[in-house]
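Novice: One structure, as structure tokens, below. Some questions next.
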Amino acid sequence: GEVKLEWGDYYYNFVRPLDRRDMSKWPIQLSDFTEAMDEYSTELSKLFEYLMKVLSRHLGLETENSLNESVGGERKELQIRINYYPPCPQPDLVVGVAPHSDPV
């Protein structure tokens, strides 16, 4: 059969921990992007820590920080990927993004 290729582009970078960020790859045209992403990643990190505490407690783990610590604690990595699908001049030859799952 005919092979269809992926069509799209993306932006991918670390947002946490802060020393993993490569600011040279952050979009400078979007003046509010860095501030918004910092606020978003801070709140997302807080939510993650809360959920890990609740799960640790209800799973009867040693401490309520057990799950959070198992994924790196304060050094846990948070990444962002923003997909972009520009118009394709030959849409019958592409699939957008092939079926996938996040790495475990």
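Novice: Please enumerate the residues belonging to the range 12-35 that are basic (Lys, Arg) and either surrounded by 13 or more Cβ atoms within 10 Å (Cβ to Cβ) or under 14 Å from the mean Cα position of the chain (by Cα) (or both).
Specialist: Selection gives ARG16, ARG20, ARG21.
Novice: Restricting the range 14-39 to residues that are farther than 15 Å from ILE82 by Cβ, in a helix (DSSP H, G or I) and of a type outside the set (Gly, Ala, Ser), which is modelled with the highest pLDDT?
Specialist: GLU39
Novice: Just a yes or no: is a residue in the range 93-102 loosely packed, with under 11 Cβ neighbours inside 10 Å, out of contact with any Ser or Thr (no Cβ under 9 Å at 6 or more places or on another chain), among the aliphatic types (A, V, I, L, M) and outside any helix (DSSP H, G or I)?
Specialist: For the range 93-102, residues loosely packed, with under 11 Cβ neighbours inside 10 Å, out of contact with any Ser or Thr (no Cβ under 9 Å at 6 or more places or on another chain), among the aliphatic types (A, V, I, L, M) and outside any helix (DSSP H, G or I): present.
For (1) surrounded by 13 or more Cβ atoms within 10 Å (Cβ to Cβ); (2) charged (D, E, K, R); (3) assigned to a strand (DSSP E or B); (4) out of contact with any helix residue (DSSP H, G or I) (no Cβ under 8 Å at 6 or more places or on another chain), each residue gets a yes or a no:
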residue: VAL3; (1), (2), (3), (4): no, no, no, yes
residue: TYR10; (1), (2), (3), (4): no, no, yes, yes
residue: GLU43; (1), (2), (3), (4): no, yes, no, yes
residue: TYR50; (1), (2), (3), (4): no, no, no, yes
residue: GLN79; (1), (2), (3), (4): no, no, yes, yes
residue: PRO89; (1), (2), (3), (4): no, no, no, yes
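The values are calculated or read from the model by the stated rules, or taken from the named source; none is laboratory data. All values reported here derive from a predicted model rather than from experimental measurement. FYI the Cβ positions are ideal-geometry reconstructions off the backbone, even for glycines, and counts take in every protein chain you see.
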